[in-house]
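The structure appears right after this line, and notes come after that.
The values are calculated or read from the model by the stated rules, or taken from the named source; none is laboratory data. What you are looking at is a predicted structure, and each value in this text was computed from that prediction instead of being measured. Here the Cβ positions follow ideal geometry from the backbone for every residue, glycine too, while neighbour counts run over all protein chains shown.
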Amino acid sequence: ELKVEQNPLFLSMQEGKNYTIYCNYSTTSDRLYWYRQDPGKSLESLFVLLSNGAVKQEGRLMASLDTKARLSTLHITAAVHDLSATYFCAVDLTGNYQLIWGAGTKLIIKP
Amino acid sequence: KAGVTQTPRYLIKTRGQQVTLSCSPISGHRSVSWYQQTPGQGLQFLFEYFSETQRNKGNFPGRFSGRQFSNSRSEMNVSTLELGDSALYLCASSLGGGVQPQHFGDGTRLSIL
């Protein structure tokens, strides 16, 4: 059974700081997704990572994938308050959008 | 371009009843997935449809079923509702192929009394 573990589950940080969210998964997959969810809102796609060594960046967020280590990271650079949200990673079990989700990392960025 | 539309947004039912939720995907999207989100279990995959065919099903009892129509619209049905079925049900659509992100609707919040 595929398990997806995120850590930390909760992160409170100051604006301007850097931090990394980790996503470990337990079986082979080369398709990993990162999503953001604001309170009371739906999910917004951030990144799709499709191969070993993939790195994608958007603004202050950068995601990477190491399929050999079964690890993805979401790095936040110089955090700003607007990045406060819950971040989810999800692994595609079959390649047909059978996504198995991490528990989410609730990120609070204090001004 | 219109996003993924889910109806209704909120629903209150009682135990033993059944419910049907609807999802209209983004125009041109042929893959539709359904997820259940609860505080305790998080996000869980229910099923995925592509061109009217269910390709994958998650680990949910047979009370949960779905279908997809020729216009890619999808419905999910839950019969004999239980208190534990209270959740946010999310629908997501994509072009298919697994290399594009899924686009999510706002969800249907189902409360069971």
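Would it be correct to say that residue B:33 is under 11 Å from residue B:91 (Cα atoms), within 14 Å of chain A (Cβ to nearest Cβ) and surrounded by 14 or more Cβ atoms within 10 Å (Cβ to Cβ)?
In short, yes.
Scan segment B:46-59 residue by residue and report those that are touching a strand residue (DSSP E or B) at 6+ places or on another chain (Cβ under 6 Å) and either in a loop (DSSP other than H, G, I, E, B) or under 15 Å from residue B:90 (Cβ atoms) (or both).
B:46, B:47, B:48, B:49, B:52, B:58
Specify the residue that is modelled with the lowest pLDDT; the eligible residues are those in segment A:28-43 that are in a loop (DSSP other than H, G, I, E, B), within 19 Å of residue A:99 (Cβ to Cβ) and not β-branched (Val, Ile, Thr).
Result: A:30.
Of the residues B:40, B:58, B:96, which is surrounded by fewer than 22 Cβ atoms within 10 Å (Cβ to Cβ) and more than 9 Å from chain A (Cβ to nearest Cβ)?
Selected residue: B:40, the only one of B:40, B:58, B:96 that is surrounded by fewer than 22 Cβ atoms within 10 Å (Cβ to Cβ) and more than 9 Å from chain A (Cβ to nearest Cβ).
With the requirement that a residue be facing chain B (nearest Cβ under 10 Å) and more than 23 Å from residue B:38 (Cα to Cα), what does segment A:58-95 give you?
Within segment A:58-95, A:94, A:95 meet the criteria.
Residues to consider are A:74, A:61, A:46; find the one that is at pLDDT 95 or above, within 25 Å of residue B:107 (Cα to Cα) and surrounded by 15 or more Cβ atoms within 10 Å (Cβ to Cβ).
A:46
Select from segment B:43-55 the residues that are facing chain A (nearest Cβ under 7 Å) and under 20 Å from residue B:85 (Cβ atoms) and write down the one among them that is farthest from the chain's Cα centre (by Cα).
Out of the qualifying residues, it is B:43.
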